[in-house]
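See structure below.
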């Protein structure tokens, strides 16, 4: 009986030694499979992260449609058109425009005013006399024969610019309203603010 047991043990030992390399191979295969599954999982995680990142960027682009576009001109260091968030104030666009110029008339600027899409903000200089009570803006003024006082009822036209207009027409009549841009101190922005209130006939 003992001989049989010894024989069986010897055979098992022989089998164990013979197939030992098979065990190592199986272990190796298991490690490879496990590593592959980890790598695949990692790729899946990155793919999911990329997906949500793209979704986030798309949402940001869609949300950017909530921005408002505002034009600021006049006595600021960098006049131009700026995009701001809904609910922004005049103070916000002043900062974007790199602040006021030294000659800006800041006393009449309401920094707390909320901005609207498509709005234009004009910052006057101290030299530009503001007429608070403009006399009947619907009245068309003939810039070839109107008085200085009438000229000063136009938006942004103060004493000095009114005098320049009068001096200009002494030498040459205005043939069309665009000619008023030939007067020193009247650029595109000021022209657009007064063009609906002037004529040459």
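The values are calculated or read from the model by the stated rules, or taken from the named source; none is laboratory data. Keep in mind it's a predicted model, so treat the numbers as computed, not measured. Positions of Cβ are generated from backbone atoms using ideal geometry, with glycine treated the same way; all protein chains shown enter the neighbour counts.
Number of residues in region 88-113 that are touching a strand residue (DSSP E or B) at 6+ places or on another chain (Cβ under 9 Å), under 17 Å from residue 69 (Cβ atoms) and part of a helix (DSSP H, G or I) equals 5. Per the conditions (1) more than 29 Å from the chain's Cα centre (by Cα); (2) under 25 Å from residue 71 (Cβ atoms), the sole criterion not satisfied by residue 170 is (2). Would you be able to say whether some residue in region 145-165 is over 28 Å from residue 72 (Cα atoms), outside the structural domain of residue 72 (by TED's automatic domain parsing) and in contact with a helix residue (DSSP H, G or I) (Cβ under 6 Å, 6 or more places away or on another chain)? So far as region 145-165 goes, yes, one or more of its residues are over 28 Å from residue 72 (Cα atoms), outside the structural domain of residue 72 (by TED's automatic domain parsing) and in contact with a helix residue (DSSP H, G or I) (Cβ under 6 Å, 6 or more places away or on another chain). Could you grab the pairs with beta carbons closer than 7 Å, sequence gap of 6+ or different chains, first residue in region 100-114 and over 11 Å from residue 90 (Cβ atoms) and not assigned by TED's automatic domain parsing to the domain that holds residue 72, second one in a loop (DSSP other than H, G, I, E, B) and at pLDDT below 90? The qualifying pairs do not exist here.
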